[in-house]
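The numbers here are math on the coordinates, done by the rules we state, and not lab data. These figures come from a predicted structure and were not determined experimentally. As a convention, Cβ positions derive from the backbone with ideal geometry for all residues, glycine included, and neighbour counts pool all protein chains shown.
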């Protein structure tokens, strides 16, 4: 019994260290990673848990508040933030929309990845390790946030995944690969140019 209790205590202590490390990893990421790029696969699951939609693309960012998501499959869509505005372009519709960054960013996943005020916007809490990743919950402090929950998974010190549940109960998971931290990203990657003939809706 004594051996079992010792083993259990050591296991719990080790888990506590791992969880604390995951929170520290997120803080380090927000503080030390000033720019980067990665590929991603996004799986969106309907609230009933049955219907799923998978897409993939690439992601680039530079703090503060500049990022570019490019969805390549199955439909082409580009989301660009230039530091003052966010632009969303749908290639199939040849239509773009824009809104002020302050109105769009807030306590969103993009704010974690490319913002500069992590703990002003989110409350951080360590979660149990799962699927080979150490997880952190980032709860929005803003009452009007459009997301229910946001979790980030780290493999060591590297960001590997993100899970978001929106206000309708839809779950999105992004798995990152080919991550490059603190690499130079050309400034024009965060500038949006309206394609010829495209409609623009400004909000």
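Given the options 168, 176, 69, which has the most mean-square fluctuation in a GNM of the chain, springs set between C-alpha atoms less than 10 angstrom apart?
168
I need 183, 70, 112 ordered by Cβ neighbour count within 10 Å, fewest first. Walk me through the intermediate numbers first.
Values: 183 12, 70 18, 112 21.
Result, fewest neighbours first: 183, 70, 112.
Which FRET efficiency value, to the nearest 0.05, is calculated for residue 127 and residue 178 with the Förster distance at 25 angstrom and r the Cβ-Cβ distance?
Working: r = 25 Å, r/R0 = 1.02.
It comes to 0.45.
Let me have the relative contact order for the range 2-202, percent, based on Cα pairs under 8 Å that are six or more residues apart. All intermediate terms of the calculation are to be shown ahead of the outcome.
Numbers: 422 pairs, mean separation 49.5, N = 201.
Here the relative contact order equals 25 percent.
For the chain, find the longest principal axis of its Cα atoms and tell me its angle to the long axis of helix 2-32, 0 to 90°, nearest 10.
Helix 2-32 and the main axis of the chain meet at about 20 degrees.
Per DSSP helix of 4 or more residues, -39500 (n - 2.57); summed, then divided by the residues of the chain. What does that give at 222 nm, rounded to the nearest 500?
Working: 4 runs with 45 residues, N = 203.
Computed mean residue ellipticity for the chain: -7000 deg cm²/dmol.
Give me the number: length gained by fully extending residue 158 to residue 200, i.e. 0.36 nm times residue separation minus the C-alpha to C-alpha distance, one decimal in nm. Could the numbers behind the result be given before it?
Details: separation 42, 0.36 × 42 = 15.12 nm, distance 3.72 nm.
Roughly 11.4 nm would be gained on extension.
Taking the number of other C-beta atoms within 10 Å as the exposure measure, put 54, 80, 44 in order starting with the fewest.
If I rank by nearby Cβ atoms, fewest first, I get 54, 44, 80.
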